[in-house]
């Protein structure tokens, strides 16, 4: 079926560009390999869990950084550490890289730096979410043939 | 000969077709989902919990929960524990210690996962008796490697137990000239053959010094061959 081939090529091309642009790294490829007929939506499911995690953790960080009485940097760092972990596990390279910088600012107890990183991480997460949703739409369409 | 066939027909190993049952411990939902999939693809049964405390509860080791059964198992026998290092409450290291300090469960191999590749941390875990240390993100090759040698150790354990049973049976035959194998086994037989292969991998749990490691992040336990 020509349409399926086209879609598959689209998927591969788009997936490749996400890798090239640094949104995804090899770990994402590893997860794609774990998908099969028994578990056809594995990557979508993991990604969904990741996005839920992101939202929760970003909220935690924002709340902690808003504290006027004094920021608990350990608390912020704990959330960043978790986000770094899950982004690493899914292959979300750009999110992970921001987290690494974020942790340094937490260690330095630098509120401004932390706020900048929070902005960046939110931005990267939104970008990735959009791109993965596009990727999954192509995947789901391909599978429905 | 009839007796030989009986010995050969004796059910020596039931574990060849049984899957390895892994208890996976990680506070991250994403990581739990990934490790569960990695283990299932490697043909394991998986029980995933989100904390060290829950892991101990599952094993029946939680002091606050009374053991109702004699062996304290809540569920299936656990063949392997894979745990994250950094967890709130009880760390993977603390869980490792509790498992290794327990007489009932110290033989269960424990693998530590960590996003941080810190030599001191790795050494500390290995010295406490960890089977292996995986740096996250976990890949299929990591899991396959661990399951491979866990399966080998389990199978060798069963084979050792089976050989011991055969020796025990032969000895008894020599003594009594008794063909009947249905009478109760003599006390020389290892009692561990009916439960986990704990006594047969005892040698594997003795911690190796860092100088004997292939690499800081990996150490294959070599079981002693007979």
Worksheet item: Quick check, is residue A:80 assigned to a loop (DSSP other than H, G, I, E, B) and surrounded by 17 or more Cβ atoms within 10 Å (Cβ to Cβ)?
Response: no
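Rundown of residues vs (1) modelled with pLDDT of 95 or more; (2) part of a helix (DSSP H, G or I); (3) over 20 Å from the mean Cα position of the chain (by Cα); (4) under 30 Å from residue A:83 (Cβ atoms), yes/no style:
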site	(1), (2), (3), (4)
B:113	yes, no, no, yes
B:116	no, no, yes, yes
B:151	no, yes, no, no
B:161	no, yes, no, no
B:169	no, yes, yes, no
B:181	no, no, yes, no
B:187	no, no, yes, no
Fill in: Residues located in segment A:25-48, provided they are within 13 Å of residue A:132 (Cα to Cα), within 8 Å of another protein chain (Cβ to nearest Cβ) and within 12 Å of the chain's Cα centre (by Cα)
A:46
Worksheet item: How many residues are touching a residue at least 40 places away in the same chain (Cβ under 8 Å), assigned to a helix (DSSP H, G or I) and within 14 Å of the chain's Cα centre (by Cα) when one looks only at segment A:1-24?
Response: 1
Fill in: In segment A:75-92, the residues that are over 16 Å from residue A:117 (Cβ atoms) and more than 7 Å from chain B (Cβ to nearest Cβ)
A:91
Worksheet entry | Single residue of segment B:5-44 satisfying the filter (more than 21 Å from the chain's Cα centre (by Cα) and modelled with pLDDT of 75 or more) that is surrounded by the most Cβ atoms within 10 Å (Cβ to Cβ) | B:34
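The values are calculated or read from the model by the stated rules, or taken from the named source; none is laboratory data. Nothing here was measured: the structure is a model prediction, and the numbers come from that model. Cβ sites come from the backbone with ideal geometry, for glycine too, and all protein chains shown count toward neighbours.
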